[in-house]
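A.B. asks: One structure, as structure tokens, below. Some questions next.
The values are calculated or read from the model by the stated rules, or taken from the named source; none is laboratory data. Nothing here was measured: the structure is a model prediction, and the numbers come from that model. Glycine also receives a Cβ, built like all others from the backbone with ideal geometry; neighbour counts cover every protein chain displayed.
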């Protein structure tokens, strides 16, 4: 069986390092195997650009298994492309048709500055973690963790939030560039577990204030983040974040 | 009290202000609709309702100042959120498609809100801030609904309220932390039902006045 190939027209955002402005440039991606991932397709385009002596398209990537959270771009106006619960590295070219034009843009947010082309600085997400997204005391090894009984339902709810890979798609998809799903996931993950409870109030208070300081917008319950999250994290996490803040501020 | 204002100035605090005042307006809309249903009973029933309502005296004053207070909070916080949220993405996308979360209601909240605010001013000028002695309130109603341009403005406002409530209703529960897969679909359904009820209940009044009464 021969592999199917398609040819595409790419409109990619190009912006040099340190440049304030960028522009779209059009590239042809020819004979792309439909078994390739989106990033492998960009690799092919970059090889051709390098051969021609042009600067290759810069994009973030690492594991290419959909678990590290490094990759991500807006593909035809959708974060990580149109496939549900998929990172850009796991978006395969079989989901595109021959002759299609694809617009590729970096995440856009006041908090995420464009470093180069499709690479944005997502360190504000790290700064949010530094504001309280951790447990201060050493919780020990696996046997120590098991010393405290946790209902399976609670452990699963915490895990559903802990699957966040910090890719920033929620911010990119949010019409307000808010990081509420990210903060909601971190606060949920830690507040649901007994080891995270002692610092739960202080954590939510500092993280939510830091979110605004870093230039992220406010949540208006558009639920676009939930629809684009490659890990399928629900806005139930945001509702829990809201409850945790109310508890911390008023109780 | 500093902690109190500080808490409400956070990103979630501002949402809470919108949610609580929004809940107040939903309750007001429901009461207002129930009261206005007396229009369908004819002039006698409607005038009797208005007379009984005004006989409540100080309770009405409390409700009016309460609603005004809520309106000031809802509009000013909404405006602040609108400005902050626009500033959070200075460079927009060349192509942006909805992923499925956005609804017509959620995408238009600031704009439907502005339409509602303008209509409330018109509505108060027509019914609250005029001398009602020369004619009955029912006559004021029929006179207004005999003007086609007013019917259009009224209908546009009713549609704006329905669209606003379609997102606002479930959204306020989400903000107050009331979201669980067990009952969120019910709350969302209630929101759609409530907005349809508002649209139908208020929207049918000019039709009734013009063609049936």
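A.B. asks: Yes or no: residue B:68 within 12 Å of chain A (Cβ to nearest Cβ), surrounded by fewer than 18 Cβ atoms within 10 Å (Cβ to Cβ) and either out of contact with any strand residue (DSSP E or B) (no Cβ under 8 Å at 6 or more places or on another chain) or part of a helix (DSSP H, G or I) (or both)?
C.D. replies: When the stated conditions are applied, residue B:68 does not pass them.
A.B. asks: Same structure again: Quick check: is even one residue across region A:195-207 crowded, with 24+ Cβ neighbours inside 10 Å and within 23 Å of residue B:77 (Cα to Cα)?
C.D. replies: yes
A.B. asks: Which residue pairs have Cβ atoms under 6 Å apart, sit 6 or more places apart or on different chains, and have a first residue in region B:56-76 that is within 12 Å of residue B:28 (Cβ to Cβ) and a second that is at pLDDT 95 or above?
C.D. replies: Within 6 Å, the pairs are B:70/B:21; B:70/B:24; B:74/B:21.
A.B. asks: Something else now. Failed condition for residue B:16, given (1) modelled with pLDDT under 95; (2) touching a helix residue (DSSP H, G or I) at 6+ places or on another chain (Cβ under 8 Å); (3) within 14 Å of another protein chain (Cβ to nearest Cβ), with all others met?
C.D. replies: Here residue B:16 meets the rest and fails (1).
A.B. asks: Could you check region A:1-39 and list, in sequence order, the residues that are touching a residue at least 12 places away in the same chain (Cβ under 8 Å) and outside any strand (DSSP E or B)?
C.D. replies: If the condition is that a residue be touching a residue at least 12 places away in the same chain (Cβ under 8 Å) and outside any strand (DSSP E or B), then A:3, A:4, A:15, A:16, A:17, A:22, A:34, A:35, A:36, A:38, A:39 are the ones that fit.
A.B. asks: Now for a separate question. Given region A:83-184, what helices (runs of 4 or more DSSP H) lie entirely inside it while holding 2 or more residues that are more than 14 Å from chain B (Cβ to nearest Cβ), in contact with a helix residue (DSSP H, G or I) (Cβ under 8 Å, 6 or more places away or on another chain) and buried (at least 20 other Cβ atoms within 10 Å of the Cβ)?
C.D. replies: none
A.B. asks: Right, another one. Being modelled with pLDDT of 95 or more and surrounded by fewer than 16 Cβ atoms within 10 Å (Cβ to Cβ) is the filter here; which residues of region A:1-20 pass it?
C.D. replies: A:5, A:7, A:9, A:16, A:17
A.B. asks: Turning to a different aspect of this structure: Of the numbered conditions (1) crowded, with 18+ Cβ neighbours inside 10 Å; (2) within 12 Å of chain A (Cβ to nearest Cβ); (3) within 13 Å of the chain's Cα centre (by Cα), residue B:110 fails exactly one; give the number of that condition.
C.D. replies: Tallying (1) crowded, with 18+ Cβ neighbours inside 10 Å; (2) within 12 Å of chain A (Cβ to nearest Cβ); (3) within 13 Å of the chain's Cα centre (by Cα), residue B:110 fails exactly one: (1).
A.B. asks: Moving to a separate point now. Evaluate the following for residue A:217: is it outside the structural domain of residue A:82 (by TED's automatic domain parsing), under 21 Å from the mean Cα position of the chain (by Cα) and in contact (Cβ under 8 Å) with a residue 12 or more places away in the chain?
C.D. replies: Yes.
A.B. asks: Exactly one of these conditions fails for residue A:221: (1) outside any helix (DSSP H, G or I); (2) away from chain B (no Cβ under 12 Å). Give me its number.
C.D. replies: (2)
A.B. asks: Among residues belonging to region A:44-70 that are in contact with a strand residue (DSSP E or B) (Cβ under 6 Å, 6 or more places away or on another chain) and under 16 Å from residue A:107 (Cβ atoms), point out the one that is surrounded by the fewest Cβ atoms within 10 Å (Cβ to Cβ).
C.D. replies: Result: A:58.
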